[in-house]
Amino acid sequence: MIKNLYNYRELLKSNVKKEIRGKYKGSFLGVLWSFLNPLLQVLVYAIVFPYIMRIKTENYLQYLIVGIIPWTFFTTVLTQGMITVRINAGIIKKVYFPREILPISVALSGLVNFFISCLIILLFCIIGGLGVSWHLVLLPVFAIIQFFLTLGIVLALSAINIYIKDVEYIVQFIINMLFYATPILYPTTLFPKKIRWVLYMNPLTELIEAYRDIFIYHQLPSVLSILYLIVITTVIFFIGLLIFRKLEKGFAEEV
Amino acid sequence: MTKTSPYSIEVNNVTKKFKVYFDKPNTLKERLVFWKNNKAETRTVLEDINVKIKKGETVALIGVNGSGKSTLLKLMTKIIYPTKGEIITRGKLTSLLELGAGFHDDFTGRENIYFNASIFGLTRSEIEKKIDDIIEFSELGDFIDNPVRTYSSGMYMRLAFSVAINVEAEILLIDEILAVGDQHFQEKCFQKLHELKESDKTIVIVSHALDSIKKLCTRAIWINNGHVEMDGKVDKVIDEYLKVCK
């Protein structure tokens, strides 16, 4: 599979470019929207939440940004990735190419966007007086874990979506729920110790906490959570790949 | 995969069945509510096909409409997969099933060459080496930098054909497209196909243009009702085929 992908690297490259540029084609600010969007979201939460939830987290603005930007990475890849096979039905029916290229290019374009967005996080950390530490070298590790985690989910969903179109709507709903089940707006300490482990079952919780360790607290994420992330990412990625492999043979007939 | 095998394409005991839904269940609700009703009818398009094509052969697939020849070609490109049996292809493969598959209307001809050739698995440097040949072959001249949506269907077809034919794949699969384009370009295409044939490429063509096929191909496979009716020298097969058609 890797050799096959390597042979088609030009297609992968031009597809990633198309994903990054194509989304906001025709809009005045173009690609800038992919960075502006999460920032505007942060702005709303930063104004609203300290008042209605009475959250007293230090550096709440930075706390939010480090939560929202990885979250945006996750949801953008998910929502675009699960429809990618369907909207490319035209070429799937007419030409052979490794079908994995479609979900992979969506995930890769998300990863590129995320790395650029991290500059915004850094900017806010520096302006807020938090500074930067050597822990930043760990950032790519977690970004890549998140990449494979999301890719695994997207591989499965984009394939299943061809057979059952409801997936798109179900996932949209799950994303909405997951937003509140992930400590983006609130700290996990808000929950009593007894049920807090439920939050930590969610790999996104572990990821966002890790990003916060890197950017805000300047400390090493716990080894246990890294291990948990690696295990669950590997499992999800290979299950996703397996489902995709099983279903891809019918794409040209079913879309 | 052994390199010593003389065959470019091996079709072994291939059966292809399509599900024909009268009302295809697309949503979960439809699947659950009507799960008893949408028993799909299966239609066997190809049954137990065995074809071996040697490297360097130029083969025509002939047969009446709906006989399954296009399906066989699609199976060879790996766009669809056989229900039973296996298909082995050796070497880089290019297909021209429908002209301009994967063209983007808003992109210029030149950008589409890059995009189309990358779908065929070429790298950027490989494309750059060939792009002048491709543009020259297409005879589009200055139009190459216009968006393809402004092209006439003839120009569109010329561009698509120029890309596919210049990819230099070892196996070229072509479906019913030789009838497009003006006389001049058609002849040019045939000349190019002859060149490819001489340079030991494997070519499989589905076509109804029997006269052109006779000149180009060495072997013909007549497919009728999902079976191989006859397989052999192009003249013989076409003669027999014409007898039945009349």
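Numbers at a glance
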item	result
Any chance residue A:255 is exposed (fewer than 14 other Cβ atoms within 10 Å of the Cβ) and either basic (Lys, Arg) or more than 17 Å from residue A:149 (Cα to Cα) (or both)	no
Unmet criterion (only one of (1) exposed (fewer than 15 other Cβ atoms within 10 Å of the Cβ); (2) touching an Asp or Glu at 6+ places or on another chain (Cβ under 8 Å); (3) at pLDDT 85 or above; (4) not hydroxyl-bearing (Ser, Thr, Tyr)) for residue B:65	(2)
Any helices (runs of 4 or more DSSP H) falling wholly within the range B:51-144 and containing at least 1 residues that are without any contact (Cβ under 8 Å) to a residue 12 or more places away in the chain	B:109-119, B:124-138
Residue list for the range B:68-117, filter: over 18 Å from the mean Cα position of the chain (by Cα), within 11 Å of another protein chain (Cβ to nearest Cβ), at pLDDT 85 or above and more than 19 Å from residue B:168 (Cβ to Cβ)	B:83, B:111
Subset of the range A:40-91 [touching a residue at least 40 places away in the same chain (Cβ under 8 Å), under 21 Å from residue A:107 (Cα atoms) and assigned to a loop (DSSP other than H, G, I, E, B)]	A:82, A:83
Residue match in the range A:15-29 (condition: under 17 Å from the mean Cα position of the chain (by Cα), surrounded by 12 or more Cβ atoms within 10 Å (Cβ to Cβ) and away from chain B (no Cβ under 14 Å))	yes
Hits in the range A:171-206 (condition: crowded, with 18+ Cβ neighbours inside 10 Å and not hydrophobic (A, V, I, L, M, F, W, C))	A:182, A:183, A:203, A:205, A:206
Residue ID - farthest from residue B:172 (Cα to Cα), chosen from residues in the range B:220-229 that are crowded, with 17+ Cβ neighbours inside 10 Å and in contact with an Asp or Glu (Cβ under 7 Å, 6 or more places away or on another chain)	B:226
Filter result for residue B:205 (out of contact with any Gly (no Cβ under 9 Å at 6 or more places or on another chain), modelled with pLDDT of 85 or more and closer than 27 Å to residue B:54 by Cβ)	yes
Residue among A:137, A:132, A:167 that is within 14 Å of chain B (Cβ to nearest Cβ), more than 16 Å from residue A:203 (Cβ to Cβ) and of a type in the set (A, V, I, L, M, F, W, C)	A:167
Residue in the range A:197-255 that is farthest from the other protein chains (Cβ to nearest Cβ), counting only those that are more than 22 Å from the chain's Cα centre (by Cα) and part of a loop (DSSP other than H, G, I, E, B)	A:219
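The values are calculated or read from the model by the stated rules, or taken from the named source; none is laboratory data. This structure is a prediction, so every number in the text was calculated from the model and none was measured. Glycine also receives a Cβ, built like all others from the backbone with ideal geometry; neighbour counts cover every protein chain displayed.
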